[in-house]
């Protein structure tokens, strides 16, 4: 399945368009204080490794800032491109985490992906320990009944519909609420 996923420029352009739409929805909802949200984007230095080098061109992380005096709260909308504060883009985290279930030798995995073994171990720990404790996991478990926790994120991607690249995009959308803590119930901006 993973060899069919094409993480090219076009794939990341679609994700960026979806991120832009999510940012518009969050801005339209306004700040929790009632103020208007204005664009306050910032640059990231995303890594795509050998898996998704095209992702490194898309550096803007959409963000918003309240315009009301005394508030100035920052609201960072959920993102399909970035997986929280990780420097690698979300698609790379998922793809390499899937590959580690197939390629067991660290040197072979590094040669195939360009991601250090230590980083991959942290990602595997995330999927096994931290992720199952999140609300996103509970929502995924309710929607995708019967997926295997030991094979995360592969078991989630396999349960998605569509072609390989579409499955990856849907998995990123499912995980998008993990990408922000500054927008309450960020999942509501991903619907529709």
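Quick look at the numbers
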{"quantity": "Given (1) assigned to a helix (DSSP H, G or I); (2) under 23 Å from residue 8 (Cα atoms); (3) more than 13 Å from the chain's Cα centre (by Cα); (4) at pLDDT 95 or above, number of the condition residue 158 does not satisfy", "calculated": "(4)"}
{"quantity": "Residues located in the range 29-46, provided they are within 28 Å of residue 6 (Cβ to Cβ) and in a loop (DSSP other than H, G, I, E, B)", "calculated": "41, 44, 45, 46"}
{"quantity": "Answer from 49, 55 - the residue that is closer than 26 Å to residue 164 by Cβ, modelled with pLDDT of 95 or more and in a helix (DSSP H, G or I)", "calculated": "55"}
{"quantity": "Odd one out for residue 132, checked against (1) touching a residue at least 12 places away in the same chain (Cβ under 8 Å); (2) in a helix (DSSP H, G or I); (3) within 28 Å of residue 9 (Cα to Cα); (4) in contact with a helix residue (DSSP H, G or I) (Cβ under 7 Å, 6 or more places away or on another chain)", "calculated": "(3)"}
{"quantity": "Residue 99 vs. criteria under 23 Å from residue 166 (Cβ atoms), surrounded by 14 or more Cβ atoms within 10 Å (Cβ to Cβ) and modelled with pLDDT under 95", "calculated": "yes"}
{"quantity": "Index of the failed condition, residue 82 passing every other in (1) surrounded by fewer than 23 Cβ atoms within 10 Å (Cβ to Cβ); (2) modelled with pLDDT of 95 or more", "calculated": "(1)"}
{"quantity": "Output for the range 71-101, where each listed residue is in a loop (DSSP other than H, G, I, E, B) and touching a residue at least 40 places away in the same chain (Cβ under 8 Å)", "calculated": "71, 73, 76, 77, 78, 79, 80, 81, 83, 84, 87, 101"}
{"quantity": "From 39, 47, 32, 9, residue being touching a strand residue (DSSP E or B) at 6+ places or on another chain (Cβ under 9 Å), over 22 Å from residue 136 (Cβ atoms) and surrounded by fewer than 17 Cβ atoms within 10 Å (Cβ to Cβ)", "calculated": "39"}
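The values are calculated or read from the model by the stated rules, or taken from the named source; none is laboratory data. As the structure is a computational prediction, the values presented were derived from the model and not from experiment. FYI the Cβ positions are ideal-geometry reconstructions off the backbone, even for glycines, and counts take in every protein chain you see.
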